[in-house]
Every structure is written in C-alpha cells, then in structure tokens.
Amino acid sequence: MVAFRLFLLLIGFLLVAGSSRAQGAPPTPPPPPKEQQELVVRVTVPTAIATLSDYANTLFSKQKDKLKTLTAPRPLRTSNPVIVFTLALPKGWGTKKEKETGP
C-alpha cells in the first residue's frame, strides 16, 4: 500500500512539473504593428455643386412641373477638375477583427 501511494505521489509530481514548464517558457513576441489604412475620396467639385444647385433651384422655384424638370436628363459636363482627399482611418476601421488564439 505504501508503494502505491509513492507511485501516485510520483505521478502527481511529474504532472505538476510538466505544467510548470509551460509557464516558464519565454513569451512569444507581439505581432508587428499593421499599416494604417487610408481612405481615398475623389470628388468632381463643379459637377456635384452644379447638380445640387440645379436641384435646389428647381425645388424652391414656383414651377408647377417640378418632377418633370428634376427627372429630365441633363447634358453631361466635361473637363471638370477632380479633388482627391486622402484620409487616415483610425485603427480598427476598415479591417476585420482577427480571432485571438488562446489556450
């Protein structure tokens, strides 16, 4: 009976010693920082402003047939300059969260 108790005690010490080695392992290095995401917005200013102005003038006018005026096809404007905005997105925007793998 004493030999059985010593055998169980030996197995218990081996299990405890095995689990303590995992705690003493050096920590894994953190992942490298990710590049910051950027959002590029392109706006054709004269067309956008002219379209808004046309709609506002039509809506606030005293014309009786406003709907026909708003839905009528308009001639396309040419040679409009394009303004480009580059905005830095905050961290976490535009990316999916990665699942953390834990014990």
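A short reminder: the numbers here are calculations on the coordinates, not readings from a lab. Here the structure is a predicted model, which is why all the values come from computation and not from measurement. For neighbour counting, all protein chains shown are included, and Cβ atoms are generated from backbone atoms with ideal geometry for every residue, glycine included.
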Expected unfolding gain across THR69-ILE49 under the 0.36 nm per residue rule, minus the alpha-carbon gap, is 5.4 nm
Please list, in chain and number order, the residues 5+ apart from GLN37 or on another chain whose amide H is under 5 Å from its amide H, with Hs placed from the backbone. LEU89
Karplus couplings for the range 31-42 from phi (6.51 cos²θ - 1.76 cosθ + 1.60, θ = phi - 60°), rounded to Hz, Gly and Pro as x? x, x, x, 7, 5, 6, 6, 10, 10, 9, 10, 10
If R₀ is 41 angstrom, what is the calculated FRET efficiency for the pair VAL40 and PHE60, using the beta carbon separation as r and rounding to 0.05? 0.75
